[in-house]
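Structure record follows, encoded as structure tokens.
Rule-based calculations on the coordinates, nothing more; no lab input. Remember, predicted model here, so these are calculated numbers, not experimental data. Here the Cβ positions follow ideal geometry from the backbone for every residue, glycine too, while neighbour counts run over all protein chains shown.
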Amino acid sequence: MKLIGSHTSPFVRKVRIVLAEKKMDYELVIDSPWQDETGVPDFNPLGKIPVLVLDDETPLFDSRVIVEHIDNVTPNNKLFPAPNRERTEVKRWEALADGLLDAAVSALLESKRPKKEQSATWIARQHDKVERALGFMARQLAEKPFCMGTHFSLADIAVGAALGYLCFRFPDIHWQESHPNLAKLYDKLMARPSFAESVPHD
């Protein structure tokens, strides 16, 4: 298998963490759709990363599709429960974390446009989404050791990737102070090799 992506993408990091937790071998191919010579559209017509290219050359895209496929391939270290209410809860956590990331990435891209073309209103709306998502996460986590209670799951991976991206790109958002329970969870996740070895960097 080949995973096409970058060291900066939180969605790529989510997939890398799942692959590491499942102990699956793969080749990481560094590419970004923002590069002039990118080959990403050759694998994903939407021009987005990550893309997982299977051994039969089938490309899978959208991190949610990829991580569910990976978890279904091998029975070890299951990250999704069987189809039931609990599985829906895990996927809700993932949707929340991914939504936070969509807003954060949108704000970052807008801030990189020429100053005269930027919309302060748009950036503020995205930051508001991030803050609301963090508040909801903190309330849902409460004093539980993991998002789903006592066991580690895909919910924690998705949330951890989102929090890690905020540390990387938005150090001015002091979510650790506002939500110490999320900070405690993130510190616990960073003790896992899968998280420590996939920290985003330029």
Relative contact order computed over the stretch 85-192 (Cα-Cα under 8 Å; 6+ residues apart), in percent: 31 percent
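If packing is taken as the average count of other Cβ atoms within 10 Å, what order do 108-116, 11-19 fall into, highest mean first?
Values: 108-116: 10.1, 11-19: 25.3.
Most protected by this proxy first, the peptides run 11-19, 108-116.
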Mean Kyte-Doolittle of at least -1.0 plus a Cα span of 27 Å or more along the axis: flag which DSSP H helices in the chain meet both, please. 85-111, 120-141
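Do any of K2/K48; K91/K188; K48/K188 go past 19 Å between their Cα atoms, and which?
Numbers: K2/K48 15 Å; K91/K188 21 Å; K48/K188 30 Å.
From K2/K48; K91/K188; K48/K188, over 19 Å: K91/K188; K48/K188.
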Express in whole angstrom the spacing between the alpha-carbon centres of the stretch 1-66 and the stretch 123-171. 23 Å
Please list, in chain and number order, the residues 5+ apart from L28 or on another chain whose amide H is under 5 Å from its amide H, with Hs placed from the backbone. L3
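How big is the convex hull of the Cα atoms of the stretch 96-172, per residue, in Å³?
Values: hull volume 6.3 nm³, N = 77.
In the stretch 96-172, the Cα hull volume divided by residue count equals 81 Å³.
Report, in deg cm²/dmol and to the nearest 500, the calculated mean residue ellipticity at 222 nm for the chain, where each DSSP H run with n ≥ 4 adds -39500 (n - 2.57) and the sum is divided by the residue count. Provide the component values of the computation, followed by the final result.
Values: 9 runs with 111 residues, N = 202.
Dividing the helical sum by the residues of the chain leaves -17000 deg cm²/dmol.
Starting with the highest mean, order 187-193, 71-77 by the number of other Cβ atoms within 10 Å, averaged over the residues of each peptide. Each step should come with its number before you reach the end.
Numbers: 187-193: 13.7, 71-77: 11.7.
Peptide ranking by packing, descending: 187-193, 71-77.
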Two-decimal log10 I(q)/I(0) for the chain, as the Debye equation yields it once each C-alpha is a single scatterer, q = 0.18 Å⁻¹: -1.33
In a solvent-free Debye calculation with one equal scatterer on each Cα, what is log10 I(q)/I(0) for the stretch 2-73 at q = 0.13, 0.23, 0.27 Å⁻¹, listed in the order of the q values? -0.31, -1.00, -1.37
